[in-house]
Amino acid sequence: MKVETERKSIKTYRDLIVWQKSISFVTDIYKMTKCFPKDEQFGLISQMRRCSVSVPSNIAEGYGRRSTGDYVRFLRIAMGSTFEIQTQLQIASNLNYLGQCEFDVIHEKSRELERMLSALLSKLN
């Protein structure tokens, strides 16, 4: 029996796997930062949450602009936010707010987003 695989067509930004994974990443960041010290509420916690939210938000906004140039610009902003969150994760790790295992898992998820955004940008350029 021959098994056929169908490629799902992209009808909206919600169909993009990179958007779906970035939404999951935001959820992970929110859960993770709940355990940070309360004195980080307006510092690292706020920055990490806003930064992580920026990734799927910019993917969606760029997609909605219906212009390749705008889409590329917003994907680059999402990429910048990905690099920001990687930096903030390292800071949180250095301050012992994250265990090594937790850092490794969440950092790898951010690296996956980085690779996916890079591939999408390459396709559009």
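The values are calculated or read from the model by the stated rules, or taken from the named source; none is laboratory data. Note that this is a predicted model, so its numbers are computed, not measured. Positions of Cβ are backbone-derived with ideal geometry, glycine not excepted, and every protein chain shown enters the neighbour counts. The protein model used for the area step is the full one, side chains on, heavy atoms only, and it has no ligands, DNA or RNA in it. Shrake-Rupley method; radii C 1.70, N 1.55, O 1.52, S 1.80 Å.
Some points to look at:
- Condition met for D28 (part of a helix (DSSP H, G or I), of a type outside the set (S, T, Y) and more than 17 Å from the chain's Cα centre (by Cα)): no
- Any hit, region 63-73, residues being more than 29 Å from K11 (Cα to Cα) and either in contact with a Lys or Arg (Cβ under 6 Å, 6 or more places away or on another chain) or not in a helix (DSSP H, G or I) (or both): no
- Scanning region 16-49 for residues that are in contact with a Ser or Thr (Cβ under 9 Å, 6 or more places away or on another chain) and charged (D, E, K, R) turns up D28, E40, R49.
- Any hit, region 59-66, residues being within 16 Å of L124 (Cβ to Cβ), of a type in the set (S, T, Y) and open to solvent by 20 Å² or more (accessible area, probe 1.4 Å): yes
- Selection count, region 96-125, where residues are open to solvent by 70 Å² or more (accessible area, probe 1.4 Å), more than 22 Å from D15 (Cα to Cα) and in contact (Cβ under 8 Å) with a residue 24 or more places away in the chain: 1
- Filter pass, R115 being farther than 13 Å from I29 by Cα, in a loop (DSSP other than H, G, I, E, B) and of a type in the set (K, R): no
- Test: residue in region 19-28 that is closer than 20 Å to S122 by Cβ, charged (D, E, K, R) and at pLDDT 95 or above: yes
Matching residues to (1) open to solvent by 20 Å² or more (accessible area, probe 1.4 Å); (2) at positive phi; (3) modelled with pLDDT under 95:
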{"residue": "S9", "(1), (2), (3)": "yes, no, yes"}
{"residue": "T12", "(1), (2), (3)": "yes, no, yes"}
{"residue": "E40", "(1), (2), (3)": "yes, no, yes"}
{"residue": "S46", "(1), (2), (3)": "yes, no, no"}
{"residue": "P56", "(1), (2), (3)": "no, no, no"}
{"residue": "I77", "(1), (2), (3)": "yes, no, no"}
{"residue": "S81", "(1), (2), (3)": "no, no, no"}
{"residue": "I91", "(1), (2), (3)": "yes, no, no"}
